[in-house]
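**Q** Below is one structure. I have some questions about it.
The values are calculated or read from the model by the stated rules, or taken from the named source; none is laboratory data. The model shown is predicted, which means the values in this text are computed figures rather than measured ones. Glycine gets a Cβ as well: all are built from the backbone with ideal geometry, and neighbour counts include every protein chain shown.
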Amino acid sequence: MTILIQLVTAFAGSLGFALLFNIRRDRLFPAAMGGLLAWGVYLLIGPLVAWDVPRFFIASLALTLYAEIMARMKKSPATVFLVSASIPLIPGGSLYTTMQYAVSAQWEAFTTQGMNTLLLAGAIAGGMLCMMAILHVCHRLYLLVRQA
């Protein structure tokens with residue numbers, strides 16, 4: 001039951017940000033589904049990988065692939081789907097804990113938690129970058145094969 005609640009809130013959070021960003025009505029549902037997909041992949045990988053960083057990376061890969069597919073289907077930039085759908089992956093809880101350690105002057109815990117927060121953010125950005133690069137190379141290869 002908690003997994004269903006997490007997926008519904010990921011959808012709702014992505015939908016809320018899609019509305020906040022004034023995404024057109026016909027793109028709202030796909031943008032929100034991207035958030036559900038990203039969090040679903042994160043949860044699905046949970047039993048296989050204990051550390052959050054690879055889970056965030058793989059979820060980010062899936063999210064970016066989804067955003068690129070939706071961009072082609074809806075004839076709009078991938079950013080429309082990527083930004084609002086990545087909201088569930090933002091490591092807000094980890095950042096909050098990092099700042100809590102800083103305020104209470106627990107510097108060793110602050111450093112450890114801060115590094116983890118930076119790794120999570122890097123995993124999200126790295127997953128997006130890697131998938132975009134892979135798709136760009138695939139597109140170029142497709143054009144070369146088609147031209148020959």
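**Q** Considering only residues that are of a type in the set (Val, Ile, Thr) and in contact with a helix residue (DSSP H, G or I) (Cβ under 7 Å, 6 or more places away or on another chain), look in region 1-40 and name the one that is nearest to ARG55 (Cα to Cα).
**A** Taking the candidates together, the pick is ILE3.
**Q** Another question, if that's okay. Would you kindly identify the helices (runs of 4 or more DSSP H) lying entirely within region 29-148 that contain at least 3 residues that are surrounded by 14 or more Cβ atoms within 10 Å (Cβ to Cβ) and more than 12 Å from the chain's Cα centre (by Cα)?
**A** 52-74, 92-103, 107-147
**Q** Return yes or no: is ILE5 under 19 Å from ALA133 (Cα atoms), assigned to a helix (DSSP H, G or I) and at pLDDT 95 or above?
**A** Considered against the rule, which asks whether it is under 19 Å from ALA133 (Cα atoms), assigned to a helix (DSSP H, G or I) and at pLDDT 95 or above, ILE5 comes out as no.
**Q** Follow-up. Regarding LEU43, is this residue modelled with pLDDT of 95 or more and closer than 20 Å to LEU119 by Cα?
**A** Numbers: modelled with pLDDT of 95 or more: yes; closer than 20 Å to LEU119 by Cα: yes.
Yes, satisfied.
**Q** Report, by residue number, each residue of region 65-99 that is at positive phi and touching a Phe, Trp or Tyr at 6+ places or on another chain (Cβ under 6 Å).
**A** Once the filter is applied, which keeps residues that are at positive phi and touching a Phe, Trp or Tyr at 6+ places or on another chain (Cβ under 6 Å), region 65-99 yields nothing.
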